[in-house]
Amino acid sequence: MPPLRTALLQSSGHPGAVAANLDALETAAARAAAAGAGLLVCPELFLTGYAIGDAVPRLAEPADGPAAEAVAAIALRHALAVVYGYPERAGERIFNAAQLIGPDGARLANYRKTHLFGCFEHEWFTPGEQAVVQAELAGVRIGLMICYDVEFPENVRAHALAGTDLLLVPTAQMHPFQFVAESVVPVRAFENQMYVAYVNRTGTEGEFEFVGLSCLAAPDGATRVRAGRGAELLVGDVDPVLLSASRAANPYLRDRRPGLYGSLV
């Protein structure tokens with residue numbers, strides 16, 4: 001099975017301007033497709049911006065709303081899958097969500113952030129209740145997670161036990177927590193024997209200073225690609241052959257002793 005070339009869009013786009021962010025996504029999709037990517041991953045709340053305060057209810061949309069249709073059209077035009085973060089409205093509730101659109105424009109998976117971070121998120125969002133959300137793409141089992149979720153080892157291990165090959169983590173990682181991008185994410189990839197694409201915002205929005213440092217971490221613990229602090233489009237390969245070899249050499253999941261871990265839950 002050939003590698004899945006994956007593009008990571010490190011950008012904060014245009015906070016508060018959905019149409020402008022869709023234009024930015026169109027440009028990034030064209031660049032990603034030209035580089036041979038089959039998947040483009042955007043940051044947390046890319047569709048609207050992160051630090052948008054009381055504009056959250058106004059900009060929130062259903063998972064199948066107009067913005068989802070626009071993203072589907074972009075994915076179809078460029079024949080690549082797209083993951084984007086957005087505020088999802090479901091009745092009276094709003095979720096910090098990420099949606100995977102296939103290269104044919106079909107909605108493949110929608111994930112709601114389960115671990116909310118800080119006062120801003122707790123004020124505006126309802127936490128999701130489904131830890132493991134997956135979809136198949138080009139023979140690779142994709143898992144979805146958002147930012148703070150990846151900092152809980154139980155969360156990522158649940159994905160490993162469910163067979164996730166590539167964990168996509170749209171992120172709004174801010175100063176002074178850059179060690180998560182630098183150290184925690186590669187360790188999560190190694191200890192769970194999966195690829196992790198961690199895709200961050202950059203620059204300053206309101207009170208938040210985003211640190212960039214997006215990366216594609218491999219199951220052997222190596223960081224295949226790493227961004228700096230500014231806007232950037234990275235491209236790296238998710239290689240099923242390397243994944244299989246790494247899992248054979250590092251049998252963490254086979255060597256687990258679940259009977260000893262009952263106190264964890």
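The values are calculated or read from the model by the stated rules, or taken from the named source; none is laboratory data. Please read these numbers as outputs of a predicted model, since none were measured by experiment. All Cβ positions, glycine included, derive from the backbone under ideal geometry; neighbour counts span all protein chains shown. Side chains included, ligands, DNA and RNA excluded: accessible areas come from the protein's heavy atoms. Shrake-Rupley method; radii C 1.70, N 1.55, O 1.52, S 1.80 Å.
Remarks
- As a length-normalised measure over Cα pairs under 8 Å and 6 or more apart, the relative contact order of segment 1-158 settles at 18 percent.
- Rounded to the nearest 20, the Cβ-based charge dipole of segment 29-119 about its Cα centre (Lys and Arg +1, Asp and Glu -1) stands at 140 debye.
- Heavy atoms of ASP54: accessible area, 1.4 Å probe, square angstrom to 10: 120 Å²
- Helix screen, the chain: DSSP H segments with Cα axial length of 20 Å or more and mean Kyte-Doolittle hydropathy at least 0.5 are 18-34.
- Maximal additional length on extending the ASP220-TYR261 stretch stands at 12.3 nm, based on 0.36 nm per residue less the C-alpha distance.
- Each 5 Å bin, from zero up to the one with the longest distance, holds this percent of the alpha carbon pairs of segment 1-53: 4, 23, 26, 20, 14, 7, 4, 2, 0.
- Rh by Kirkwood over Cα pairs, then Stokes-Einstein D for segment 153-207 at 0.692 mPa s and 37 °C, µm²/s: 272 µm²/s
- The amide H of LEU144, built 1.01 Å from its N in the peptide plane, has VAL133, LEU168 as neighbours under 5 Å, considering only residues 5 or more places off or on other chains.
- With eigenvalues of the C-alpha gyration tensor scaled by 5 and rooted, segment 107-212, Å: 23, 16, 12
- Computed over the Cα atoms of segment 197-243, pair by distinct pair, the Kirkwood hydrodynamic radius stands at 11.7 angstrom.
- The residues of the chain present an accessible area of 40 Å² per residue when probed at 1.4 Å with all protein chains retained.
- Placing a label point 7 Å from the Cα of PHE179 along the Cα-to-Cβ direction, the residues of segment 98-130 whose backbone N falls under 19 Å from that point are 118.
- A probe of 1.4 angstrom, applied to the heavy atoms of all protein chains, finds PHE120 with accessible area near 30 square angstrom.
- Pairwise Cα distances in segment 141-263 exceed 26 Å in 21 percent of cases.
- Protein accessible area in the chain, 1.4 Å probe - carbon and sulfur %: 55 percent
- Over 29 Å [Cα-Cα, the chain], rounded percent: 24 percent
- What the Cβ-Cβ distance of ALA90 and ALA245 gives, at R0 = 30 Å and to the nearest 0.05, is a FRET efficiency of 0.10.
- Backbone HN-Hα couplings from phi across segment 7-13 [Karplus 6.51/-1.76/1.60, Hz, Gly and Pro as x]: 9, 10, 9, 8, 6, 9, x
- The chain, dipole about Cα centre (Lys/Arg Cβ +1, Asp/Glu Cβ -1), debye to the nearest 20: 640 debye
- In Å, descending, principal axis extents of the Cα set of segment 21-169: 40, 37, 23
- Ordering GLY262, ALA231, HIS175 by Cα displacement along the dipole of the chain toward the positive end leaves GLY262 in first place; charges were set at the Cβ atoms of Lys, Arg (+1) and Asp, Glu (-1).
- The chain: calculated mean residue ellipticity at 222 nm from DSSP helix runs of at least 4, using -39500 (n - 2.57): -7500 deg cm²/dmol
- Placing pseudo-labels 7 Å out from each Cα toward the beta carbon at THR204 and ALA55 gives an inter-label distance of 1.8 nm.
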